[in-house]
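K.L.:
Input: one structure, supplied below.
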Amino acid sequence: MGTDQGDDLSRLLERRRALGDAGALRIGDRRYSYAELAVLVEQRAAALTGAGVAAAELVLCPTTPVLDSVLMQWALASLGVAMLPVRADLPASRRESLIRTTGAEWSWRPADENVGLADVGLASLIGAGADTAERVTRIADAERRAAGTLIRCGSAHWSPPAPASEPAPAARPTLAARPALAAAHPNSSASLTTTVVPGAATAPALFVETSGSSAEPKIVMLSAATIIASCLAVNARLELKRGDRWLCVLPRQHVGGLAIGYRCAFAGAELVVQSRFEAEKVRVALWDQRITHLSLVPAMLQRLLDVDPTPPPDLRVALLGGQGIDSNLARRAVEQGWPLYLGYGMTETFSQVAGGWIDADGLPQRGMIPLDGVELSCPSCGEANIKSRGVTLADIQPPEQPTRQPKQQTRSRACPKTQAAVQQAQPLRIRGPMLMLGYANPTRTPGHGLDNGWLQTSDLACRLPSGNLQVLGRADDVVLIAGINVLPAEIERELAQLDQIAEIAIIGVPDPTWGHRLVALYVGELEPAQLEAWCRSNLSSHRRPRTFARLEHLPTLRSGKRDRQRLIAQAEALARTSEAPRKQTKSSLD
């Protein structure tokens, strides 16, 4: 893997300094080597120590400017201080809520982005003729002049207990400022000094907010041991190695984007950051910067394919996560040669715990293969399979004859998820070395949200005969229709395979007669009447949507994941205005 198997997150950048001029970080046209980054981190750590930050405290840090947030990430780690990344435009009320929930002691306010390092001479050093010693000295001076402000949030709420076998330390170790020249000589005695905290590997090192796609966001506490275990396992699975380049276009206050920087540091790879996803800029970067790894949500992949379906020649992994992917979109990408890997994970496990390569059918046919060390508790999927009917719209007479016919036949490729599997599925339980310490609380007590070391997720899942994972949908999405449990996600997967459906969401809404009924919100070329006719001919009554709405796009969060709360609100509004379900007068569903 090209990765040091060390167990100390605080010393990672110190070790990486030995890579010298190897690329560590690229932001636009600016590139920073590992030697340069180590100097900047050292200077930032010294400034934080001088401001009074102590080991085991917590600092809120904006994710922009990008360089500033990367420096805070590694400087705080070197001091044994935890970080909570937040977006720069976080509302004051939400910031106050985060501080109350986590007991954060500090908030970091970076210098104005317009007077950052680029404006004090650093940009001219990149690629300049100066030798390494001169460059790192000038970089260190630039960092001192471009630092931000540390703001005290209140009195400390928490301190780690001293180990029973050792007396509490009389005073916390501090980081003494070292000459910047030391960065150019990693073997010298003036190397970076880091704070050593008893039990640091299992103390909170990182606080990350969940995306909030399905409920109110939670804040997850992660230890250094959790981060290390996840990075080593993911790097091994995706074969990330020294010299590779991983392009990050996901928000770095959430785990999908944040984890990439840690993985790259462990592998000695280069982190390439674009603060926002713009399809054309991403396409250019993929080709010009010879990107080997890329993380996306499905909506981003769709836009990339629309700009240019040709896969970049150096790209080995296009990691998809955050939500399931429509099989039509996946097939389109795979047919073009895109190397799609579907990951399953969550903030509570610092990203993925299982995943699989997507094949020509648009699905990971072997299921999701658990990462090394991950324990999963869920029942067997069983052996039942749905057979493909191969039905096309040419076989169906839609009511009221829609004026626009599809440009091509619409066919259904049945997915291997079955009603029998849904009935057997139970909420997935996860245990492993990359599991969180617990959900955040003001005293930072571990264990909140865990049951004897197990995390019970909201996802329904089962194990295939191979032992791999099959994720069927969310347990809290299951609705009762005419006395039968129905999983909308299973219907989504079936309808998503129709050729002229680009995206679809099936939402269950309350119904006074039947308990619930289903609403289909979709993007595609099919007329609602055509989709309704297909469903009437191919789906059993309790699995058939009663209301259909074609949208320009499905609502998403900043992270690119679907906004389930907005989808539910839209579906409920449509259901209220739909008269058709109210015309049902029979004693059973038609």
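The values are calculated or read from the model by the stated rules, or taken from the named source; none is laboratory data. As the structure is a computational prediction, the values presented were derived from the model and not from experiment. Methodologically, a virtual Cβ is constructed for each residue, glycine included, from the backbone with ideal geometry; neighbour enumeration extends over all protein chains shown. Keep in mind that these areas ignore ligands, DNA and RNA; they rest on the heavy atoms of the full protein, side chains included. Shrake-Rupley method; radii C 1.70, N 1.55, O 1.52, S 1.80 Å.
K.L.:
For region 266-382, what is the convex hull volume of its Cα atoms per residue in Å³?
P.N.:
Roughly 126 Å³ of hull volume per residue.
K.L.:
Rounded if a/c is under 1.5, else prolate if a/b beats b/c, else oblate: with a ≥ b ≥ c from the C-alpha gyration tensor eigenvalues square-rooted, which is region 486-571? Provide the component values of the computation, followed by the final result.
P.N.:
Details: a/c = 1.80, a/b = 1.15, b/c = 1.56.
Taking the square roots of the gyration eigenvalues as a ≥ b ≥ c, region 486-571 is oblate.
K.L.:
OK, next. Quote the accessible area belonging to H542 in square angstrom, nearest 10, computed with a 1.4 Å probe and with ligands, DNA and RNA left uncounted.
P.N.:
Probe radius 1.4 Å; accessible area of H542 about 40 Å².
K.L.:
If you find the alpha carbon centre of region 307-379 and of region 268-298, how far apart are they in angstrom?
P.N.:
About 17 Å separates the Cα centre of region 307-379 from the one of region 268-298.
K.L.:
Which order, highest average first, do 529-536, 71-78, 451-458, 341-348 follow once you tally other Cβ atoms within 10 Å for each residue and take the mean per peptide?
P.N.:
Ranked from most to least packed, the peptides come out as 71-78, 341-348, 529-536, 451-458.
K.L.:
Could you sort H254, H448 by accessible area so the largest value comes first, with the probe set to 1.4 Å?
P.N.:
H448, H254
K.L.:
What residues qualify as long-range amide H neighbours of A22, i.e. H under 5 Å apart, gap of 5 or more or another chain, H built at 1.01 Å from N?
P.N.:
Y34, A35
K.L.:
For S223, enumerate residues with amide H under 5 Å from its amide H, sequence gap 5+ or separate chain, H modeled in the peptide plane.
P.N.:
A205, L437
K.L.:
To the nearest 10 square angstrom, what accessible area does I151 show with a 1.4 Å probe?
P.N.:
Surface accessible to solvent at I151 totals approximately 70 Å².
K.L.:
Another question, then. Show the residues, 5+ positions off or on another chain, whose built amide H is closer than 5 Å to the amide H of A111.
P.N.:
G148, T149
K.L.:
Another question, if that's okay. To the nearest 10 square angstrom, how much accessible area does R543 have with a 1.4 angstrom probe?
P.N.:
30
K.L.:
Could I ask something else about it? Ranked from the most accessible area to the least, with a 1.4 Å probe and all protein chains present, what is the order of W338, W357?
P.N.:
Values: W338 10, W357 120 Å².
If we order W338, W357 from most to least accessible, we get W357, W338.
K.L.:
Would you kindly derive the ³J(HN,Hα) couplings of region 221-238 from the backbone phi angles with the Karplus curve 6.51 cos²θ - 1.76 cosθ + 1.60 (θ = phi - 60°), listing them in order in whole Hz, with x for Gly and Pro?
P.N.:
Result, ordered by residue: 9, 10, 8, 4, 4, 4, 4, 5, 4, 5, 4, 5, 5, 5, 4, 5, 5, 9 Hz.
K.L.:
When the C-alpha atoms of region 416-535 are aligned to their principal axes, what extent does each axis show, in angstrom, from largest down?
P.N.:
Sorted largest first, the three principal extents are 55, 39, 29 Å.
K.L.:
Moving on. Grab every C-alpha pair in region 199-335, bin the distances at 10 angstrom width from 0 up to the longest one, and report whole percents.
P.N.:
Going from the shortest bin to the longest, the percentages are 11, 39, 35, 13, 2.
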